[in-house]
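Heads up: the structure comes next, in structure tokens.
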Amino acid sequence: MKKLFNFLVFTILLASTSCSNKELSKNNYLVPMDVPNEKIENFSELFSEIEYTLFPSEASVIRVDKAQKFENFFVFGDYDISNSISIIDSNFTTSKNILAIGGGPGEYAKILDFTINKTVGTVDVLTLNKLISYDFNGKFIKEIKLPGSVGKIVHVKEDDYVIYREKSLHSNFPGPDEQSILWVWNTSNNTTSRIPSGSENIKFPFFMERNNLNFQNNNVIFSTNFLDTIYVFSDNLELKEKRYFSGDRKYMPINLTEVTI
């Protein structure tokens, strides 16, 4: 029960990251999301009831960092405690696990993120230096070397992925280039192309990103800590919206989050 409850809380927190970026106010893509002044103190103000579902006893995940649904499966990733992924059927009766810690083919030292390749139907696990593909039984299929140091990934379509690198990451871990934080990576020809982002020139302090890059309803959803903006791209990676939090609440001025080097 605690696993599913943690996942619900995590999803709510993802939708409420905020700060301020005045430059975006001139953009026609802006979509305001009003933030009420009233303080929410109880879950009952948001939900009439919460339904709990127990994980199968053989599931390896302990704390859920990310959850995805694909066809008749739910996929849950635990990046810190068990360093594993559980693939659970829609009835929550059986679980197949990806728990391949090691240094050989199909093995990893650390899970940074995972995504579902919707074209071929695989669970793709992002590690420190490679992307590893498994089937929905947890069986290793293949692995690909990354084009640089990245922290998040989402499959878009066919051989295209969007990859993200924190701007605050140490220079000893270079990305595909030194300018950007977002790229399109085509795994068939191992090429990357830059996706401009309004936050790439801001020097943020290091802050662990949990689920700031995702694919929902044929859109790529991206945000980052300390900003009040959620970028929405189509599956062709054309910018559709910049959703920002509005209201009378005072947000932390963005210049206070910048780091002087």
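Within the set of pairs 6 or more residues apart or between chains, which connect a residue that is closer than 22 Å to VAL120 by Cβ and in contact (Cβ under 8 Å) with a residue 60 or more places away in the chain inside segment 70-93 to a residue that is surrounded by fewer than 19 Cβ atoms within 10 Å (Cβ to Cβ) and among the hydroxyl-bearing types (Ser, Thr, Tyr) with Cβ atoms less than 8 Å apart?
Correct list of pairs: PHE73/SER90.
Surrounded by 19 or more Cβ atoms within 10 Å (Cβ to Cβ) and among the polar types (S, T, N, Q): does that describe SER171?
In short, no.
When you look at GLY151, is it modelled with pLDDT under 95, farther than 16 Å from ILE85 by Cα and under 18 Å from the mean Cα position of the chain (by Cα), yes or no?
When the stated conditions are applied, GLY151 passes them.
Quick check, is TYR231 part of a strand (DSSP E or B) and closer than 22 Å to ASP65 by Cα?
yes
Condition first: in contact (Cβ under 8 Å) with a residue 40 or more places away in the chain and of a type in the set (S, T, N, Q). Now tell me which residues in segment 148-169 satisfy that.
Answer for segment 148-169, where residues must be in contact (Cβ under 8 Å) with a residue 40 or more places away in the chain and of a type in the set (S, T, N, Q): just SER168.
May I ask you to say which residue of ASN189, ASN236 is more than 18 Å from the chain's Cα centre (by Cα), at pLDDT 90 or above and assigned to a loop (DSSP other than H, G, I, E, B)? Lay out the reasoning, then the answer.
Details: ASN236 fails: at pLDDT 90 or above.
Just one listed residue meets the conditions, ASN189.
For segment 205-228, which positions are out of contact with any strand residue (DSSP E or B) (no Cβ under 8 Å at 6 or more places or on another chain), assigned to a loop (DSSP other than H, G, I, E, B) and modelled with pLDDT of 85 or more?
ASN217
Does SER197 satisfy the condition of being of a type in the set (S, T, N, Q), surrounded by fewer than 15 Cβ atoms within 10 Å (Cβ to Cβ) and either under 28 Å from GLU238 (Cβ atoms) or at pLDDT below 90 (or both)?
no
Scan segment 121-140 and tell me whether some residue there is more than 27 Å from ASN72 (Cα to Cα) and β-branched (Val, Ile, Thr).
no
Give the number of residues within segment 84-115 that are under 21 Å from PRO56 (Cα atoms) and in contact with a Ser or Thr (Cβ under 9 Å, 6 or more places away or on another chain).
13
When you scan segment 112-130, do you find a residue that is without any contact (Cβ under 8 Å) to a residue 40 or more places away in the chain, surrounded by fewer than 19 Cβ atoms within 10 Å (Cβ to Cβ) and in a strand (DSSP E or B), even just one?
yes
The values are calculated or read from the model by the stated rules, or taken from the named source; none is laboratory data. Worth saying up front: this structure is predicted, and the values here are computed from it rather than measured. A quick note on method: Cβ atoms are made from the backbone with ideal geometry, for glycine too, and the neighbour counts reach across all protein chains shown.
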